[in-house]
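The values are calculated or read from the model by the stated rules, or taken from the named source; none is laboratory data. Values in this document were obtained by computation on a predicted structure and should not be read as measured data. Because the Cβ atoms are built from the backbone with ideal geometry, glycine has one as well, and the counts that use them run over all protein chains shown. To get the accessible areas, we keep the full protein, side chains included, count just its heavy atoms, and leave off ligands, DNA and RNA. Shrake-Rupley method; radii C 1.70, N 1.55, O 1.52, S 1.80 Å.
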Amino acid sequence: MKRTGFVDVPYRPHYWLSDARSQACLVGHDPLGKPDFEGLVRFDVEIKDGRIAAIAPLGTAPAGAIDLKGGLVWPGFVDIHTHLDKGHIWPRSPNPDGSFLGAATATASDRKARWTAADVQARMEFGLQCAWAQGTVAVRTHIDSLAPQAEISWPVFKTVRDAWADRIDVQAASIMPMDAFAEPQGEQLADIVADAGGILGAVTRLTGGVHDALPAEFLELLERFFRLAIDRGVDVDLHVDESGDSGAKALIEIARTATRLGFKGRLQCGHCCSLAVQPDDFVDATLRAIADAGIAVVSLPMCNMYLQGRNTGRTPRWRGVTLLHELKDAGIEVSIASDNCRDPFYAFGDHDMLEVMTQATRIAHLDHPFGDWSRAYTAIPASVMGLPGRGLLKAGAPADLVLLSARYMSEMLSRNQADRVVLRDGRAIDTSLPDYRVLDQHIGANP
Ligand SMILES: [Zn+2]
């Protein structure tokens, strides 16, 4: 699908963008005046040799600047929780009933039957093409790693990461049920992850199960998992408590275990949905424990809305998301990411962080005020991924920017931003999205 930007930005080694707007919390220049009621400030941007040379007060830009007429400017987005290896299998393996168990079962069958290296690579690259065209600069993908898939998918990840290194920073974390870490494949996977420069990840349920009351062996499995990470000096990223069952209490145990074992790496927990249905005193204890352990949390609101609270024939009664506001108020780093795209865990999605922002704002009331939630798609995940210079508009950072015709959050969150301009190293890229038909040879066309 050919897309045309709302403004022409012909490349020059040195140029200015005038009359830009952005959330004040993303702009590394002070003072630019008092933010407006949506938290926005106005400024000019100097771009030189592919980098932001200066963020300057409005009116600084010389004649000949490209006039954004008050349009929003975003730093390139950072999508810290995705599943590029699962993406786009929907036409051949849809979720039969939209449930979590339906998702896990359909995905496992598809993986066992169809996930050759060529299949995984084609779908991963398709996802990255979408992300690139939408203005994303860094992606962390989870990799389904239950044997024998790890031996197939991790080499593909390394190939794709290297091929995309000058376009998108791609990181990978494993995902495998906790009980599999008690088998020899747990140690083998930890070695594969460490060798690949990856992140060790697990899902806090047992093979074939859902996220409910913790099994008796859970703490033992968790300690074994952490020791594998500690022994190899790798970071950790877990899928945690992805249900509305108040008995799903892995999060606090992860925090206690990390603290007790003195885990020193970066540690992120995704989903944490059940926190929203647990009693207040237990929530308070959990928030304290994860703050003490330095755990970052990533919420996946679109996937949560799709899977959580689903009972056929019954209207959903909750939005499925974790306690975003309370986590942030407790001083915990909170990111928001896209998660699955067109697979049994989420039937929709286009690797577009602007869509994630639009949906998350509505689902979790990240407005009134907008506050600094815009950092949850940019600066915070960049920090958790260890990517200095990403996620902020500041002098010296790469001129990797997303320019919108929308001038206000209200305009941006109300209308599709298909005419966005994406700058990479100061150059406007082709923002056309890949045609789904290129995957037909792997997926098969819809019947
Ligand atoms: Zn996930």
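Here the condition is being more than 23 Å from Ala285 (Cα to Cα), of a type outside the set (Gly, Ala, Ser) and crowded, with 17+ Cβ neighbours inside 10 Å; of Asp179, Asp191, Asp231, Asp241, it holds for Asp179 alone.
Here is a yes/no grid of residues against (1) at pLDDT 95 or above; (2) closer than 24 Å to Ile168 by Cβ; (3) within 16 Å of the ligand (Cβ to nearest atom); (4) open to solvent by 10 Å² or more (accessible area, probe 1.4 Å):
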position: Thr286; (1), (2), (3), (4): yes, no, no, no
position: Ala293; (1), (2), (3), (4): yes, no, no, yes
position: Arg310; (1), (2), (3), (4): yes, no, no, yes
position: Glu326; (1), (2), (3), (4): yes, no, no, yes
position: Gly331; (1), (2), (3), (4): yes, no, no, yes
position: Asp343; (1), (2), (3), (4): yes, yes, yes, no
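What number of residues within segment 99-139 satisfy the criterion of being out of contact with any Leu (no Cβ under 7 Å at 6 or more places or on another chain), over 20 Å from Thr207 (Cβ atoms) and of a type in the set (Gly, Ala, Ser)? Qualifying residue count, segment 99-139: 4. Can you confirm whether Thr159 is touching a Cys at 6+ places or on another chain (Cβ under 9 Å) and polar (S, T, N, Q)? Criteria not met by Thr159.
Give segment 150-169 a look and list any residue that's more than 19 Å from Leu354 (Cα to Cα) and either open to solvent by 10 Å² or more (accessible area, probe 1.4 Å) or part of a loop (DSSP other than H, G, I, E, B) (or both), or say none.
Residues satisfying the conditions are Glu151, Ile152, Pro155, Lys158, Thr159, Arg161, Asp162, Ala163, Trp164, Ala165, Asp166.
Just one of the numbered conditions (1) closer than 20 Å to Ala108 by Cα; (2) modelled with pLDDT of 95 or more; (3) of a type in the set (D, E, K, R) is not true of Arg260: (1). Looking at segment 39-53, is at least one residue open to solvent by less than 20 Å² (accessible area, probe 1.4 Å), acidic (Asp, Glu) and touching a residue at least 60 places away in the same chain (Cβ under 8 Å)? The answer is no; no qualifying residue exists.
Quick check on segment 261-278: of everything there that is open to solvent by less than 20 Å² (accessible area, probe 1.4 Å) and in a helix (DSSP H, G or I), which residue is farthest from Thr204 (Cα to Cα)? If we take residues in segment 261-278 being open to solvent by less than 20 Å² (accessible area, probe 1.4 Å) and in a helix (DSSP H, G or I), then Leu275 is farthest from Thr204 (Cα to Cα).
Somewhere in segment 213-234, is a residue of a type outside the set (A, V, I, L, M, F, W, C) and within 16 Å of the ligand (Cβ to nearest atom)? No, that holds for no residue. When Ala138 is tested against (1) in a helix (DSSP H, G or I); (2) in contact with a Gly (Cβ under 8 Å, 6 or more places away or on another chain), just one condition goes unmet, and that condition is (1). Of all residues in segment 125-140, those that are over 11 Å from Val78 (Cβ atoms) have Cβ atoms under 8 Å from Cβ atoms of residues that are open to solvent by less than 10 Å² (accessible area, probe 1.4 Å) and of a type in the set (Gly, Ala, Ser), 6 or more apart or on another chain, in Phe126/Gly87; Gly127/Gly87.
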